[in-house]
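Bear in mind these aren't lab numbers, they're just calculated from the coordinates by the rules spelled out. What you are looking at is a predicted structure, and each value in this text was computed from that prediction instead of being measured. Cβ placement follows ideal geometry from the backbone for every residue including glycine, while neighbour counts extend to all protein chains displayed.
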Amino acid sequence: MISIGRLRAPYVDDVEHYAKLLGHYTRLSQIELRDSGARDGGAQRLGARLPRGAFTSLLAADGEQFDSFAFARFIERCRDSGRDLVFVIGGAHGLELPAAEHRLSLGPMTLPHQLARVVLLEALFRAHRIIAGEPYHY
């Protein structure tokens with residue numbers, strides 16, 4: 001996961017919580033880039049940090065929306081492809097990333113970028129529980 005902007009309280013504890021839970025199912029890397037306030041949202045700097053060959057999904061208001069089971073199937077398809085999966089979360093000024101192969105929406109409401117990280121991590125944790133055949137309500 002690559003995020004523009006630093007994570008601050010009160011979101012730090014939630015991100016750490018879900019990152020720890022996800023560690024039982026998958027490898028998770030989190031990269032934070034400073035928000036330069038540039039109109040492009042830092043897309044050039046970010047592009048250099050994307051792992052070569054990774055499937056890139058940009059969080060965007062106009063992206064694809066999933067319920068929990070469909071998101072689990074999406075994660076499973078990405079995992080089965082053998083490619084790394086990278087989610088990119090823009091900062092307070094948004095982000096356009098032409099290199100992104102996919103656009104994901106967490107819903108029609110705009111969320112603060114820090115809260116979007118928490119919501120995405122929770123959704124990833126829930127998806128991995130579904131994939132593992134475990135109860136997804138915990």
Of LEU28, LEU85, LEU95, the one that fluctuates the most in a GNM where the chain has Cα springs shorter than 10 Å: LEU28
For the chain, what is the charge dipole size about the Cα centre, in debye to the nearest 20, if Lys and Arg each add +1 at the Cβ and Asp and Glu each add -1 at the Cβ? 340
GNM on the chain, Cα springs under 10 Å; top mean-square fluctuation among VAL86, VAL12, VAL118 goes to VAL12
How many angstrom separate the Cα center of region 10-26 from the Cα center of region 49-96? 18
Restricting to bridges with both residues inside region 1-134, how much of the DSSP beta-bridge set is antiparallel, in percent to the nearest 5? 5
Defining a contact as two alpha carbons under 8 Å apart and six or more residues distant in sequence, what relative contact order in percent does region 2-131 show? 38
Suppose we keep just the alpha-carbon trace of the chain; what are its Rg and Dmax in angstrom? 14.3, 43
Rank PHE87, LEU104, PHE66 by how far each Cα sits towards the positive end of the charge dipole of region 2-131 (+1 on Lys, Arg Cβ; -1 on Asp, Glu Cβ) and give me just the farthest. PHE87
Based on the Cβ-Cβ distance of GLN44 and HIS137, what FRET efficiency does E = 1/(1 + (r/R0)^6) give at R0 = 35 Å, to the nearest 0.05? 0.25
Hey, in the GNM for the chain with a 10 angstrom Cα cutoff, which one of PHE74, PHE125, PHE87 fluctuates hardest? PHE74
Would any residue of region 103-138 have its amide N under 13 Å from a label point 7 Å out along Cα→Cβ of ALA70? List them or say none. 104-108
What nm distance separates the two modelled labels at GLU122 and ASP80, each placed 7 Å from Cα along Cα→Cβ? 2.9
